[in-house]
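First comes the structure, then the notes that go with it.
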Amino acid sequence: MSLLEIENLSLAIGGTPILQEVELAIAPGEVVGLVGESGSGKSMTALTIMRLLPHLARADGRVTFDGIDLLAASEDQMCTLRGDDIGMVFQEPMTALNPVKTIGEQVAEGIRWHTKAGRAEAEERARKMLDRVGLPGTKFPLSRYPHELSGGQRQRVVIAIACALKPKLLIADEPTTALDVVLQAQILDLLRDLVSENRMGLLLISHDLAVVTEMSDRLTILRRGEVMEAGDTARTLSAQHHPYTRELALASMHVPARPKTHQAGSAKPLLEVEGVSRAYPGRRMSLFRPAQPVRAVDNVSLTIEPAQSVALVGRSGCGKSTLARMILALDKPTAGAIRFRGEVITGKAEAALKPARRDMQVVFQDPYGSFDPRQKVEKLVAEPLHLLEKQPTRAERREMVAHALDEVGLGARDMDKYPHEFSGGQRQRLSIARAIITRPKLVVADEPVSALDVSIRAQILDLFAELNQKLGIAYLFITHDLTVARAMSDEVLVMHEGKIVERGRTADILDNPRSEAAQALVAAAPDLHRAIARRMQEQG
Amino acid sequence: MTAYLLKRLIIAASTLVLASMVVFAVMEILPGDPARLMLGFNAGADQVEQLRNQMGLNAPLVPRYLHWAGGLLSLDFGRSYTYSVPVIDLVRERVVVSLPLALIALALSTIIAVPVGVFSASRQGRAGDALAMGAAQLGVAVPNFWFALMLIYLFAVWLRLVPAGGFPGWGAGIWPAVKSLLLPAVALALPQAAILARVARSALIEVLNEDYIRTARAKGLPYRAVLWRHALRNAMIPVLTILGLQFAFLLAGTIIIENVFYLPGLGRLVFQAINQRDLIVVESVVMLLVAAVIIVNLLVDFSYAVVDPRLRGRQ
């Protein structure tokens, strides 16, 4: 018998249909993956099970959990189920914990509420649970506050809260999307262990087909609120009967065509970074001991040649973004020099940096946050034009914006729109248009596709590849995602704790990592081919 | 923690010093010679000059400031030009009226505002919220002296529950004294409570949309428990900030309210002193009020650290 059974579930919020006739079942001890792109209704399915939907939502159909009709249950009944029989883990560990309460209080709270246990007993159980999720008492006493923990540690606390009472069903909504691959692998291992220990059912929601394939026995593919395909993971993904399943699988493994590969050593370097360090003042531990500076970037050297694509990979917090900020002259190194086209740019005045800024542009991760919502596309894309020697006339400016929009697959008619009128992928195209309008020689792209859905991501990677081939733009791709590095770069630099620990041709490094840091990254990176092959063996 | 508190303390102290310089400078610039004022317009120039020397008014600016500021530290504010008694004696009589008045008003506005804010936020967009926020809008718009007149009419003239004005002194017993402060405190507190309730509501609504509220709900806590246990404390920071800022307005408000209720407080003292060009009294009372505001805001800063562990630094 199924633990959870969703039959014919439809959901509308304020009249807008969100889910249509969704079917899903989970048995005890089973892991079911729910895959789909953003807006497909994955999270809303989870919130329907939890009955934590927004006010105007209306759900029809049947959701049965352990014999209880959840859609008909009273709020009191739901409160006894939530946190006791059904636990939930959310995507964003940085904001999922109450910042003013200790982790002990937050884990013990649910235990006390449901079991009526006393404070001491609840704290003892909370302690055990935190030990179980990998936060031992010696390093993580109950009195720690969330801000004293890293993202991965916070996600462990959230899992401890959700699993404290050994729920029959755990819903994990993109539990690892905000974490780097190494942390992701650790958290997924933890979830897998908790499932087998307690015969817990797990509904794993993710946009990442590789993660879901590695984890789940069965999967359900959702698109625009409708189930496209459902079944055993191995069979579904090997047969790929449904065109959308095929589309998703292909997009996840997409490698853009780059016929002209770069030959190293063929030209004078475009960018030279020499022994660059960036230290931040450390936190003072006592009044009398001087604070030890923290070295975010430690004696890093690298070169990028014209039209070369270099990937800088590493775990979160390894110093990638700090290094990028220094290359872009947004931050000053505490030691070392950065030369762009042979000229030193470190320590130069803003006015003297103008030519360098013109030839060096940036694309950021978040296409939502990097545009002023009150300005039109024409103005936003034309922003870097003030760096030109000769200021273009209004007509010339429109011409240039139209050209840049055309190059990224948008049209001149988009010029008079506002950013909110575009989808996430289109917005990332806008930021690329803004980056290439001055005809730069180098584009620094900081996690440019990690906020995008797989199909959009494939398109954006194609666009990056095309611009590299057509305009000869060199790239510095900063990413923790090895598939992006593999798809896009000629050379890979592996960064760990502020240092470059390994460098070489992309295929060499990713197939044959030598340093410990690179090996950890490669081992942890989810890989759809590998995952499907393993599933095939297990499920026959 | 100690580093944070120490830093706040230093900032507060330097603000106080800066404020004393400004107050002293403004009084210097204002026209009117205190010596001439004390002696009357019939006095001769040499008489005035003699008094000026006696009062130390002819000394250079910096030593005069240091003398005055040093006096402030030892609670020696100088002598009133009109009453010829030490200013500290005048202040001492009045502070025992104004300080309790301000504190009662502050407490009242918090006691009213926080529950109203919670009520409104938890019923966002519904009838109860609209009603409460409509009342708050009225409270913000109507001046406090008008409230004061309405309160006098209702509770003193009509219901005869409390006196319409005046202060019997603390010697008459605690209850009669508090009773005569009640109406003025309510009149002071209501407009403040109205603003504070709106701030509390919007802060709470923002917090209720945070991810950790959803985490708490997913634990099985009912909505009300989540509101009181998780949301309220996080919403306290903006509420405390406004509370600290309001204290200054509260003190300014006492000048009007004390006149309406005929209370012998600092507000009326300073009002009379301005009329009589008794600048040294004005100077002293203003400095006291400045100090009170700075101290209250220092307490607000300390309470941030109590509410929010992130400000305490690593343990």
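Would you call residue B:137 polar (S, T, N, Q), at pLDDT 85 or above and surrounded by fewer than 20 Cβ atoms within 10 Å (Cβ to Cβ)? When the stated conditions are applied, residue B:137 passes them.
Entry remark, the stretch B:166-180: residues being of a type in the set (A, V, I, L, M) and surrounded by 17 or more Cβ atoms within 10 Å (Cβ to Cβ) number 1 in total. The strands (runs of 3 or more DSSP E) found entirely in the stretch A:1-120 that carry 1 or more residues being more than 30 Å from residue A:251 (Cα to Cα) and at the interface with chain B (Cβ under 10 Å from one of its Cβ atoms) are A:86-89. When residues in the stretch B:214-232 are screened for being touching a helix residue (DSSP H, G or I) at 6+ places or on another chain (Cβ under 7 Å) and facing chain A (nearest Cβ under 8 Å), 9 of them pass. Considering only residues that are free of Cβ contacts under 8 Å to residues at least 40 places away in the same chain and in contact with a strand residue (DSSP E or B) (Cβ under 7 Å, 6 or more places away or on another chain), which ones fall in the stretch B:73-131? Passing the criteria: B:85, B:86. Considering (1) within 14 Å of chain B (Cβ to nearest Cβ); (2) surrounded by 18 or more Cβ atoms within 10 Å (Cβ to Cβ), say which one residue A:150 fails and leave the rest. So residue A:150 meets the others, but not (2). Output the residues belonging to the stretch A:158-191 that are of a type in the set (Asp, Glu) and under 11 Å from the mean Cα position of the chain (by Cα). Once the filter is applied, which keeps residues that are of a type in the set (Asp, Glu) and under 11 Å from the mean Cα position of the chain (by Cα), the stretch A:158-191 yields A:174, A:180. Scanning the stretch A:261-291 for residues that are closer than 22 Å to residue B:2 by Cβ and within 32 Å of the chain's Cα centre (by Cα), we see that the one that is modelled with the lowest pLDDT is A:283.
Taken over the stretch B:181-202, the criterion of being over 17 Å from the mean Cα position of the chain (by Cα) and surrounded by fewer than 23 Cβ atoms within 10 Å (Cβ to Cβ) is satisfied by B:198, B:199, B:202.
Being out of contact with any strand residue (DSSP E or B) (no Cβ under 8 Å at 6 or more places or on another chain), within 22 Å of residue A:46 (Cβ to Cβ), assigned to a loop (DSSP other than H, G, I, E, B) and away from chain B (no Cβ under 14 Å) holds for only one residue in A:190, A:183, A:179, and it is A:179.
The set of residues from the stretch A:477-500 being under 13 Å from residue A:460 (Cβ atoms) and of a type in the set (A, V, I, L, M, F, W, C) comprises A:477, A:484, A:487, A:488. So, residue B:239, is that one part of a helix (DSSP H, G or I), more than 30 Å from residue A:111 (Cβ to Cβ), within 14 Å of another protein chain (Cβ to nearest Cβ) and not charged (D, E, K, R) or not? Here the answer is yes, as residue B:239 does meet what is asked. Within the stretch B:114-132, one or more residues are under 21 Å from the mean Cα position of the chain (by Cα), among the hydrophobic types (A, V, I, L, M, F, W, C) and either closer than 30 Å to residue B:184 by Cα or surrounded by fewer than 17 Cβ atoms within 10 Å (Cβ to Cβ) (or both). Total residues in the stretch A:347-372 satisfying the condition of being in contact with a Pro (Cβ under 7 Å, 6 or more places away or on another chain), farther than 15 Å from residue A:442 by Cβ and among the polar types (S, T, N, Q): the figure is 1. Taking the criterion of being aliphatic (A, V, I, L, M) and touching a Gly at 6+ places or on another chain (Cβ under 9 Å), the residues of the stretch A:123-152 that qualify are A:126, A:130, A:142.
Residue count for the stretch B:295-312 under the criterion of being surrounded by fewer than 18 Cβ atoms within 10 Å (Cβ to Cβ) and either touching a Ser or Thr at 6+ places or on another chain (Cβ under 9 Å) or more than 14 Å from chain A (Cβ to nearest Cβ) (or both): the result is 3.
Say whether the condition of being touching a helix residue (DSSP H, G or I) at 6+ places or on another chain (Cβ under 6 Å) and assigned to a loop (DSSP other than H, G, I, E, B) is met by at least one residue in the stretch A:208-216. Yes, there is a match, as at least one residue in the stretch A:208-216 is touching a helix residue (DSSP H, G or I) at 6+ places or on another chain (Cβ under 6 Å) and assigned to a loop (DSSP other than H, G, I, E, B). Being out of contact with any Pro (no Cβ under 9 Å at 6 or more places or on another chain), of a type in the set (Phe, Trp, Tyr) and in a loop (DSSP other than H, G, I, E, B): is that true of residue B:83 here? Yes. For the residues A:206, A:238, A:216, A:196, the requirement of being of a type outside the set (Lys, Arg), assigned by TED's automatic domain parsing to the domain that holds residue A:128 and in contact with a Ser or Thr (Cβ under 6 Å, 6 or more places away or on another chain) singles out A:216. Return a yes/no flag: does the stretch B:92-110 have any residue that is in a loop (DSSP other than H, G, I, E, B) and in contact with a Leu (Cβ under 7 Å, 6 or more places away or on another chain). The answer is no; no qualifying residue exists.
Contact map, the stretch A:339-353: first residue free of Cβ contacts under 8 Å to residues at least 40 places away in the same chain, second residue part of a helix (DSSP H, G or I) and surrounded by 11 or more Cβ atoms within 10 Å (Cβ to Cβ), Cβ cut-off under 6 Å, separation 6 or more or different chains; pairs are A:345/A:356.
For the stretch A:127-142, check the following and say yes or no: at least one residue is over 24 Å from residue A:195 (Cβ atoms) and within 11 Å of chain B (Cβ to nearest Cβ). Yes: one or more hits. Among the residues here, residue B:203 qualifies as in contact with a Pro (Cβ under 8 Å, 6 or more places away or on another chain), within 30 Å of residue A:43 (Cα to Cα) and more than 10 Å from chain A (Cβ to nearest Cβ). The set of residues in the stretch A:472-507 that are over 18 Å from residue A:302 (Cα atoms), part of a helix (DSSP H, G or I) and not aliphatic (A, V, I, L, M) comprises A:483, A:486.
The values are calculated or read from the model by the stated rules, or taken from the named source; none is laboratory data. Being a predicted model, the structure only gives us computed values, none of them experimental. So basically every Cβ, Gly included, is an ideal-geometry build from the backbone, and we count neighbours across all protein chains shown.
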